[in-house]
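Only one structure is covered here, and it is reproduced in the block below.
Where a number appears in this text, it was derived from the coordinates with a stated rule and is not lab data. Please read all numbers here as calculations on a predicted model, not as lab measurements. Every residue, glycine as well, gets a Cβ built from its backbone with ideal geometry; the counts of neighbours run over all protein chains shown.
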Amino acid sequence: MGVFDNLKDAAESLKDKASDLVDGHGDKVGDGLDKAGDFVDEKTGGQYGDKIDQGVDVAKDRLDGLDGQDDDITNNQS
């Protein structure tokens, strides 16, 4: 096995762990992303609120789709 094979295996393992985390705790992951977005929005004085909301939604969609299903994280902004 080469170095790139080891990296590929490690990346696949991380993806599987992230998928399991989202499957088991999607609501908490979604809440955490919302809170992080709200924090950044507050620190930037609301100047980039739309872009931050878009980024949070994209992050949720990508994490939710790790298992091939869109069923773990809801896209509702606070």
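Of note:
- Test: residue in the stretch 11-34 that is more than 15 Å from the chain's Cα centre (by Cα) and either surrounded by 11 or more Cβ atoms within 10 Å (Cβ to Cβ) or among the aromatic types (Phe, Trp, Tyr) (or both): no
- The set of residues in the stretch 36-61 being of a type in the set (Lys, Arg) and loosely packed, with under 12 Cβ neighbours inside 10 Å consists of Lys43 alone.
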